[in-house]
1. In the stretch 2-23, is there at least one residue being at pLDDT 95 or above and not polar (S, T, N, Q)?
2. When the stretch 108-129 is examined, which residues are found to be more than 18 Å from I143 (Cα to Cα), aliphatic (A, V, I, L, M) and in contact with a Gly (Cβ under 7 Å, 6 or more places away or on another chain)?
3. Of the residues that sit in the stretch 117-145 and are among the charged types (D, E, K, R) and more than 18 Å from the chain's Cα centre (by Cα), which one is modelled with the highest pLDDT?
4. Return yes when G63 is over 21 Å from D209 (Cβ atoms) and small (G, A, S) and no when it is not.
5. In this structure, is L192 in contact with a strand residue (DSSP E or B) (Cβ under 9 Å, 6 or more places away or on another chain), in a loop (DSSP other than H, G, I, E, B), under 26 Å from F57 (Cα atoms) and aliphatic (A, V, I, L, M)?
6. So which strands (runs of 3 or more DSSP E) are wholly in the stretch 118-188 and hold at least 2 residues that are loosely packed, with under 14 Cβ neighbours inside 10 Å, out of contact with any strand residue (DSSP E or B) (no Cβ under 9 Å at 6 or more places or on another chain) and basic (K, R)?
7. Scanning the stretch 195-214 for residues that are in a loop (DSSP other than H, G, I, E, B) and buried (at least 22 other Cβ atoms within 10 Å of the Cβ), which turns out nearest to the chain's Cα centre (by Cα)?
8. Report the residue count in the stretch 84-109 for those that are aliphatic (A, V, I, L, M), outside any strand (DSSP E or B) and within 19 Å of M155 (Cβ to Cβ).
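The values are calculated or read from the model by the stated rules, or taken from the named source; none is laboratory data. Computed from a predicted model, the values in this text were never measured in an experiment. Neighbour counts run over all protein chains shown; Cβ positions are idealised from the backbone, glycine included.
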Amino acid sequence: MPFGGDGIVDVQDLVALSEHLFEDYRIIAHWMLDETEGDVAYDSAATHDAVLMGNAFWQPEGGQSGGALQLDGAGDYVQTPNVLNPADGAFSVFAWVQGGAPGQVILSQVDGENWLMLDAQGSLKTTLKGSRRDPDLGSTAAITDDAWHRVGFTMDGKNRILYLDDSEVARDSQTGLQESQGDLYIGSGNNLGSGSFWSGMIDDVRIYDRAVAP
C-alpha cells in the first residue's frame, strides 16, 4: 500500500519514501554525541542510551560532525548498555577521535576487552581476540597528533582488521572472539584504570552487527 494509505502515490508519499532511502539498516547503535546539555548520550539507532560519568561535557562546536564529547583523561567516560557479544559473529565499530595519549582507550567492554585503544607508542590497537593466549592486534598508526582521525575495528568471521582514516592498517586471521555480555565504556578502559581515560574529544560512535568496510 502507498505510504499515504489512500491508494494514490503522490508527492507526499515520495517525500516520505526519500526520508528512508539513506538509512543504514546494518547499524545497531549510533551515538552521535551532538547533545548540548544533560548527562545522557542518546542512541539514534536503537535504545542504548548512555550516561556521562565524571566531568565529561558536551562540546557543541568543533566536533567532526556537529558537536562532540570532551574528556579530560582524569576519570571522564560514558557508559552504555550492552550492545553485542563479540563471540556471536561478525561486527564492526567506528568512531572519530581527537587527542589521546599512549595507553588511553576509546571504547571498551565491561568484563571484556578494549575494543579500540592506543598502545605504549600511541598507535591504534585492539585487545579483542579469541583467547587469552592470542596476541593483541596492533598497528604502527600513531594518532596522537591532535588532529581528528576516524578509527575502526572489524571482525568478519575470519579476520580482525583495524582501520585508520578509512584505510586498513592491521589485519590477522581470527575465527572467533572471546565472549562478553558487559556494558560499553566510551573513553575508558575495561577496568577503569587511571591511565586508560581518554584525554580529548570523541565523536560519532557507530556499531554494526556485520563486517563493514569504511
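1. no
2. Hit for the stretch 108-129 is V110, nothing else.
3. Per the stated criteria, the residue is D136.
4. yes
5. yes
6. Filter on the stretch 118-188 gives an empty set.
7. W198
8. Of the residues in that region, 3 qualify.
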